[in-house]
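Notes for the one structure printed next.
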Amino acid sequence: MGFFFMEKKYQIAIDGFSSCGKSTLAKALAKELRFLFVDSGAMYRAVALYCINHNVKIEDSDQLNSILLDINIQFKQEQDTLQIYLNEENVTEAIRDLKVASQVSEVAAISSVRKKLVAQQQKMAESNSLVMDGRDIGTVVFPNASIKFFITADPLIRAQRRYNELRAKGNPSIDFNLVVENLRHRDRIDSTRDDSPLRKADDAIEIDNSTLSEKEQLQVALTHLYNKFPELKN
Ligand code: DC
């Protein structure tokens, strides 16, 4: 072993449709393995929030390219939770708003936005082992990821989960049908866009978590991971 021994870095890629429980699994895996957790969707949401707050016309590519230079997104671990900052402002809560959810897919379909965020995501993996969830992690961001999972769940179960989450976060009057509609809308745009559409990588392991608890889902993923990398089990 040479003096310049580099510690092996692992990338765990988790992709799937909206509200499938990807982030829940990614967070739990990162905690178990003490890896960095990166919610790549939060980065697209931060760009969408910026566009909403600054009245950016996303179809105006000149305007969009110039604002992309002004956008700085950072993750900070604070008291056991991951906070996201947009130009020094904590936007962890603001990016979960339904207004952001209803526009983020259009923003995420723009190639210049994807180029900037993908580069930042790849950079994070240079110095960290990480678990990253999103739509193109196993196909575009880390095509050679250590392991790839593709998460699926029944659409109505997904809508119910998102509905419960929004209500728990202080939206008591939220309309269930609106949540279903928003999920359908995002699924369609995410999987039919030209640049990096959502699809399962050929070598991804599919997990349908419709009937799995969070704990069971974690166990399924860990079993696959430890089979492949026994050295991670300690
Ligand atoms: O996972 P999420 O719902 O927070 O993602 C928000 C949006 O960003 C969603 O419309 C898909 C898009 N997205 C993407 O295109 N690529 C990623 N790697 C992550 C999210």
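The values are calculated or read from the model by the stated rules, or taken from the named source; none is laboratory data. Quick caveat, the model's predicted, so the values are computed rather than measured. Note that we place each Cβ from the backbone using ideal geometry, even for glycine, and neighbour counts take in every protein chain shown.
If the condition is being at pLDDT 95 or above, surrounded by fewer than 18 Cβ atoms within 10 Å (Cβ to Cβ) and acidic (Asp, Glu), then the stretch 6-35 contributes only Glu32.
Taking the numbered list (1) more than 25 Å from Val140 (Cα to Cα); (2) buried (at least 17 other Cβ atoms within 10 Å of the Cβ); (3) in contact with an Asp or Glu (Cβ under 6 Å, 6 or more places away or on another chain) in turn, Leu198 passes all entries but (1). Mind listing just one residue for me: the one in the stretch 91-114 that is among the basic types (Lys, Arg) and near the ligand (Cβ under 9 Å from one of its atoms) and, of those, nearest to Ser40 (Cα to Cα)? Only one residue tops the list, namely Arg114. Here Gly41 does not fit the description of being within 24 Å of Thr223 (Cα to Cα), surrounded by 14 or more Cβ atoms within 10 Å (Cβ to Cβ) and either in contact with a Gly (Cβ under 8 Å, 6 or more places away or on another chain) or not acidic (Asp, Glu) (or both). Here Glu165 meets the list (1) modelled with pLDDT under 90; (2) away from the ligand (no atom under 12 Å from the Cβ) almost entirely, failing just condition (2). Taking helices (runs of 4 or more DSSP H) as the structural unit, those lying wholly within the stretch 138-234 and holding at least 2 residues that are over 19 Å from the mean Cα position of the chain (by Cα) and among the hydroxyl-bearing types (Ser, Thr, Tyr) correspond to 214-228. Scanning the stretch 187-230 for residues that are without any contact (Cβ under 8 Å) to a residue 12 or more places away in the chain and either more than 30 Å from Gln103 (Cβ to Cβ) or more than 16 Å from the ligand (Cβ to nearest atom) (or both) yields a total of 11.
Just so you know, in the stretch 105-140 the residues that are over 21 Å from Ala30 (Cβ atoms) and of a type in the set (Lys, Arg) include one that is surrounded by the most Cβ atoms within 10 Å (Cβ to Cβ), and it is Arg114. Residue check: Ala48 meets all listed conditions (1) buried (at least 21 other Cβ atoms within 10 Å of the Cβ); (2) more than 24 Å from Leu198 (Cβ to Cβ) but one, namely (2).
Any residue at all in the stretch 160-174 that is free of Cβ contacts under 8 Å to residues at least 40 places away in the same chain and in contact with a helix residue (DSSP H, G or I) (Cβ under 7 Å, 6 or more places away or on another chain)? Looking through the stretch 160-174, at least one residue is free of Cβ contacts under 8 Å to residues at least 40 places away in the same chain and in contact with a helix residue (DSSP H, G or I) (Cβ under 7 Å, 6 or more places away or on another chain).
Against the numbered list (1) crowded, with 17+ Cβ neighbours inside 10 Å; (2) closer than 19 Å to His185 by Cα, Ser102 comes up short only at (1).
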